[in-house]
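Student: First the structure, then my questions, so here it is.
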Amino acid sequence: MYPSEFGYFKPSTLKEALDFLEKEDARPLAGGQSLIPMLKLRVISSKFLVDLNGLSSLSYVKDEGDKVRIGSMTKHADLVKGNVKESIPLLYDAARQVGDFQVRNMGTIGGSISNADPAADYPSVLTALDAKVILDSNHAKREVDAKDFFKGPFNPDIRKGEIVSEVVFPKLSGYTTKYVKVVRRAGDYAMVSLAMALKVKDGKVEDLRLAYSGVSDTPYRAREAEKLLVGKEISEENVREVAEMASSAVNPPSDVRGSSWYRREVMKVITMKALGGQP
Amino acid sequence: MVNPGEKVKVRVKINGVEYEENVSPRKLLVHFLRDLGFTGTKVGCDTSTCGACTVLLNGKSVKSCTVLAVQADGKEIITIEGIGDGKLHPLQEAFSDNFALQCGFCTPGMIMQAYSLLKENPTPSDEEIKDGMHGNICRCTGYQNIVKAIKEASKVRP
């Protein structure tokens, strides 16, 4: 399959890229692992592609103590090998489950979140960690909270002339995190996945975050359910309550990966498992 | 910058030899390679699922049906034709010895991915092999012998 004809521009500075994106009917090309298949299927088209792979200044992981800044062109494979295992273990666990080995060698964190696929791995991780997305244009820099960035399926808060330049993750301390992904087959998008962060102090829950992919149009943060456990000891009953509340608040889609009913059941099971209760 | 319909110059090194071609930006790397005669690289699913088109781009395995030829400009590519150095590579030997192929269509992609995996992890466990190879699909063998062959090849490092 060939995409329809497009022009090609490979800028060597971010400014050149932003100038071009502002003026032309153009899409940025990061790793291309979602964009190229969509161009081939002719689901989308663009007059120009702006290849960001010459912008090495957008590929980095910077640990600033209380937060970690990750350049948008950082590849999944870099996150798996790099130092985020210690600083943002939840992101590390998700990164190693994105697509497959080959996809992780091309795909980038900025590209993945800019695609805003509701079944992708990073959106729920960003939402659970209250990460911030930094967008650059030639006029301004904008900072958007993860919860507002994912506006709808394949619909991120990116304006004409903007690209995602960086993702900022606050570092959690004293938390246990888990990324649980249920797939039909190895390498598939999540049927349901859960990004969880839990802080327990003196046997009682101080903070809990539950964010799911694959169950809604956007990553779903189960804020009401999270509150149920705060101040309490974890028990089989209250974990079940949390799982029930989280799963009854959404109406997941029915598609080839699973029916709405089944997705909700899976949500319950992985929530209970992640929190250490029996499924 | 090239406009839609125009061609762009791509200079790459394939298995150690330099090539320079003018290609349309929409040309996929897999077609670029096959048109130059590197037909060991297969087009399987053409949707980045099956891995039959796996090649190494600057030492990293990629699915060449999901990379534009122009993205490879200035880079080095290794295909199945480039790993043996005149004789069979230990991975090719091991695939043959262990009956790790039947129709053989997925094999070049399997071997290139296994090559990449062993470069990063020279002594993988069975689980690590399965995890590293899950982007490659085989419809004949049931995978057992593929895992066996990769394990065996990992013991005979060239």
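Student: Name the single residue that is surrounded by the most Cβ atoms within 10 Å (Cβ to Cβ) among those in the range A:31-82 being outside the structural domain of A:ILE113 (by TED's automatic domain parsing) and β-branched (Val, Ile, Thr).
Tutor: Only one residue tops the list, namely A:VAL50.
Student: Quickly run through the range A:197-219 and pick out the residues that are charged (D, E, K, R) and in contact with a Ser or Thr (Cβ under 9 Å, 6 or more places away or on another chain).
Tutor: Here is the first cut: in the range A:197-219, the residues charged (D, E, K, R) are A:199, A:201-202, A:204, A:206-207, A:209, A:217.
Within the range A:197-219, A:LYS199, A:ARG209 meet the criteria.
Student: Follow-up. What's the number of the condition B:PHE95 fails, among (1) open to solvent by 20 Å² or more (accessible area, probe 1.4 Å); (2) out of contact with any Pro (no Cβ under 9 Å at 6 or more places or on another chain)?
Tutor: So B:PHE95 meets the others, but not (1).
Student: Now a separate question. Report yes if A:ASP217 is under 19 Å from A:ARG257 (Cα atoms), touching a Pro at 6+ places or on another chain (Cβ under 8 Å), of a type in the set (D, E, K, R) and not assigned by TED's automatic domain parsing to the domain that holds A:ARG69, otherwise no.
Tutor: Values: under 19 Å from A:ARG257 (Cα atoms): yes; touching a Pro at 6+ places or on another chain (Cβ under 8 Å): yes; of a type in the set (D, E, K, R): yes; not assigned by TED's automatic domain parsing to the domain that holds A:ARG69: yes.
So A:ASP217 fits the description; yes.
Student: Follow-up. For the range A:1-104, please list each of the strands (runs of 3 or more DSSP E) lying entirely inside it that holds at least 1 residues being modelled with pLDDT of 95 or more and within 14 Å of another protein chain (Cβ to nearest Cβ).
Tutor: Working: elements: A:7-9, A:26-29, A:48-51, A:61-63, A:67-71.
Result: A:7-9, A:26-29, A:48-51.
Student: Is it the case that B:PRO4 is surrounded by fewer than 21 Cβ atoms within 10 Å (Cβ to Cβ), closer than 21 Å to A:SER45 by Cα and within 11 Å of another protein chain (Cβ to nearest Cβ)?
Tutor: Details: surrounded by fewer than 21 Cβ atoms within 10 Å (Cβ to Cβ): yes; closer than 21 Å to A:SER45 by Cα: yes; within 11 Å of another protein chain (Cβ to nearest Cβ): yes.
So B:PRO4 passes the test.
Student: In addition: What residue, among those in the range A:167-192 that are out of contact with any helix residue (DSSP H, G or I) (no Cβ under 8 Å at 6 or more places or on another chain) and among the polar types (S, T, N, Q), is nearest to A:ALA119 (Cα to Cα)?
Tutor: So the residue we want is A:THR176.
Student: Output the number of residues of the range B:82-124 satisfying the condition of being in contact with a Ser or Thr (Cβ under 7 Å, 6 or more places away or on another chain) and of a type in the set (S, T, N, Q).
Tutor: 4
Student: Find the residue count for the range A:107-123, including only residues that are assigned to a helix (DSSP H, G or I) and either under 20 Å from B:GLU128 (Cα atoms) or among the polar types (S, T, N, Q) (or both). Step through it out loud before you land on a result.
Tutor: Residues of the range A:107-123 that are assigned to a helix (DSSP H, G or I), as a first pass: A:109-115, A:122-123.
Now drop any that are not either under 20 Å from B:GLU128 (Cα atoms) or among the polar types (S, T, N, Q) (or both), which leaves A:112, A:114-115.
Residues that pass the stated criteria total 3.
Student: Based on this model, can you work out whether B:LYS63 counts as in contact with a strand residue (DSSP E or B) (Cβ under 7 Å, 6 or more places away or on another chain), of a type in the set (Lys, Arg) and within 9 Å of another protein chain (Cβ to nearest Cβ)? Can you show your working first?
Tutor: On the way: in contact with a strand residue (DSSP E or B) (Cβ under 7 Å, 6 or more places away or on another chain): yes; of a type in the set (Lys, Arg): yes; within 9 Å of another protein chain (Cβ to nearest Cβ): yes.
Judged against the criteria, B:LYS63 is a match.
Student: Can you report the number of residues in the range A:193-206 which are without any contact (Cβ under 8 Å) to a residue 40 or more places away in the chain and either part of a loop (DSSP other than H, G, I, E, B) or open to solvent by less than 40 Å² (accessible area, probe 1.4 Å) (or both)?
Tutor: Pass one, the range A:193-206, residues without any contact (Cβ under 8 Å) to a residue 40 or more places away in the chain: A:199-206.
After this cut, where a residue has to be either part of a loop (DSSP other than H, G, I, E, B) or open to solvent by less than 40 Å² (accessible area, probe 1.4 Å) (or both) as well, the list is A:202-203, A:205.
Within the range A:193-206, residues that are without any contact (Cβ under 8 Å) to a residue 40 or more places away in the chain and either part of a loop (DSSP other than H, G, I, E, B) or open to solvent by less than 40 Å² (accessible area, probe 1.4 Å) (or both) number 3.
Student: Let me ask something else about it. Considering each of B:THR66, B:THR107 in turn, give the residue that is open to solvent by less than 50 Å² (accessible area, probe 1.4 Å) and more than 30 Å from B:ASN3 (Cβ to Cβ). If you could, list the steps in order and put the result at the bottom.
Tutor: On the way: B:THR66 fails: more than 30 Å from B:ASN3 (Cβ to Cβ).
Answer to the check: B:THR107.
The values are calculated or read from the model by the stated rules, or taken from the named source; none is laboratory data. Just so it is clear, the model here is predicted, and its values are computed rather than measured. Counting neighbours? That spans all protein chains shown, and the Cβs are built from the backbone with ideal geometry, glycine included. Heads up: the accessible areas ignore ligands, DNA and RNA and are worked out on the full protein's heavy atoms, side chains in. Shrake-Rupley method; radii C 1.70, N 1.55, O 1.52, S 1.80 Å.
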